[in-house]
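Some notes on the structure that comes next.
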Amino acid sequence: MEAHRVWRELLRGSRGLILWDPNSEFANDDGSLGRRGRDAAPYFREIRGGLGALLINSERQFDPVAILYSPASLRTQWLLDWKPRGDVWAMRDIKDSYEDANEARSSMEGFANLFEHMGVHPRILTDTLIEHGALEKYRILVLPHALALAPGEADTIRKFVEKGGTVIADVEPGIFDGHSRKLATPLLSDVFAAAETTGRFGAGKAILFSGAEACSDDPATEACRNSMLSARRRLEALDIKPALPITTVNDEALNTVETYAFRNGNVTILALQHDLPASESAEARDASLGGSAVSPVALALPGPAFLYDLRQGKALGSTARLELALDPIAPTILAISDKPLPAPTIQGPRQLRLGQTGRFSFGFATASPAAFPVLHAEVTDPSGKIIDHYSGNLIAPGGAASLSLPLALNDPAGTWRIRVTDLLSGQTATMAVQVSGS
């Protein structure tokens, strides 16, 4: 479903969206909104109303778990797949290449999918980053179908395990070198042989973890859920657990919700989005959703904290456990703070004449724990209409922002209002400005 995908891509780090509309479904030939455009308008408006700006100005949080992205292994697996079929690959249309099944790609997606549904946030690392010391920040490294490794890359991984790191692989890694040449001895055979015999290599561990257990198919299917549950138990045995676990209300493991964590100063932003249910047809799947909530989930915190629902714009109180009824499509986005978030404030002239420019300052009643709060200002004319070209999102580093209101000579006189909303807490402040003729 389109709305589900747009939200998910935003949470995963997308910073823009290109709309391809060959059938004039977003915009009709006369420029009016089409069906897809009308469907998209509410969530586009919400994202552009400050929520997107807040996520962009917050730092995505990752756990000390890394997954190798290995172009050499992808290339090697492609050569192995096509070698028995001769030059048939040269006759294909380029678009067909995206449909090719590739075990290396599927394995990487499967592990990433598994961690994300556990509430663990892995970082994707390239072979170059690993060779340049990026592993120092991690304690778990996953090698998904890493058939091909460069010698320097393998040496860095070996030292990582010796110093206490854990490496997980689904096939014996390094059977080929970085140029897809098969080696007489796999580059990490000593690491995995020692770990198989003694359980350790140096101070660390190396584990062969069946890729079949890390399901890359639709996570909503029964087979995938069972597979992921089995894999989850193995990972939890390695002490790989989420900082903010999401479970059913009965504290049972949950494999149908992805979580995304962000940090904005001393405020944590946590987004939870439910998977789309499996279905044979998109039409049937969309009909099955119908906008109703799915089974409630429970969020466990290390201790009591103040929680806010960003999309609903309301405070949820102070608690260490929160039960939530998730929407089947759109995410639930929470702000978590050790202290209550302060209300925004406005200062500026209360009287202006048409043709004048009013300058307004925004802040907070007390110091905000956020490093980059985002405020959304709405300016309304005497009729109550929001004037878009005077309104917008304001980034408030250090808790301060400003807005210029350059009134035109042909603007209506009367009582104008400026309403500012803090996206993190949902709290607002409003100021009336009396505007007289020029």
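The values are calculated or read from the model by the stated rules, or taken from the named source; none is laboratory data. Model, not experiment: these values are computed from the prediction. Here the Cβ positions follow ideal geometry from the backbone for every residue, glycine too, while neighbour counts run over all protein chains shown. The accessibility values were calculated without ligands, DNA or RNA, using every heavy atom of the protein model including side chains. Shrake-Rupley method; radii C 1.70, N 1.55, O 1.52, S 1.80 Å.
A few points about this structure:
- Within the range 5-30, if we keep just the residues that are in contact with an Asp or Glu (Cβ under 8 Å, 6 or more places away or on another chain) and free of Cβ contacts under 8 Å to residues at least 12 places away in the same chain, the residue that is most open to solvent (accessible area, probe 1.4 Å) turns out to be L17.
- Qualifying residue in the range 285-295 (condition: modelled with pLDDT of 70 or more and either among the β-branched types (V, I, T) or open to solvent by 30 Å² or more (accessible area, probe 1.4 Å) (or both)): yes
- Options P373, P397; residue that is crowded, with 20+ Cβ neighbours inside 10 Å, of a type outside the set (K, R) and in contact (Cβ under 8 Å) with a residue 24 or more places away in the chain: P373
- Any hit, the range 398-420, residues being under 17 Å from L55 (Cβ atoms) and modelled with pLDDT of 95 or more: no
- Scanning the range 400-438 for residues that are open to solvent by less than 20 Å² (accessible area, probe 1.4 Å) and of a type in the set (V, I, T) returns I418, V420, V433, V435.
- The lone exception for G204 - which of (1) at pLDDT 90 or above; (2) touching a Leu at 6+ places or on another chain (Cβ under 9 Å); (3) under 23 Å from Y69 (Cα atoms) it fails: (2)
- Failed item, numbered, when W416 is tested on (1) among the hydrophobic types (A, V, I, L, M, F, W, C); (2) within 22 Å of F306 (Cα to Cα); (3) in a strand (DSSP E or B): (2)
- Residue-level check: of (1) without any contact (Cβ under 8 Å) to a residue 60 or more places away in the chain; (2) within 25 Å of D251 (Cβ to Cβ); (3) open to solvent by 70 Å² or more (accessible area, probe 1.4 Å), A320 misses just (3).
- Filter result (open to solvent by less than 90 Å² (accessible area, probe 1.4 Å) and either under 30 Å from R263 (Cα atoms) or not in a helix (DSSP H, G or I) (or both)) within the range 31-47: G31, S32, G34, A40, A41, P42, Y43, F44, E46, I47
- Residue count for the range 131-147, restricted to those that are out of contact with any strand residue (DSSP E or B) (no Cβ under 7 Å at 6 or more places or on another chain) and surrounded by 24 or more Cβ atoms within 10 Å (Cβ to Cβ): 1.
- Residue match in the range 337-359 (condition: of a type in the set (S, T, Y) and crowded, with 19+ Cβ neighbours inside 10 Å): yes
- Cβ separations smaller than 9 Å between residues 6+ apart or across chains give the following pairs from the range 173-199 residues that are charged (D, E, K, R) to residues that are loosely packed, with under 14 Cβ neighbours inside 10 Å: D177/P151.
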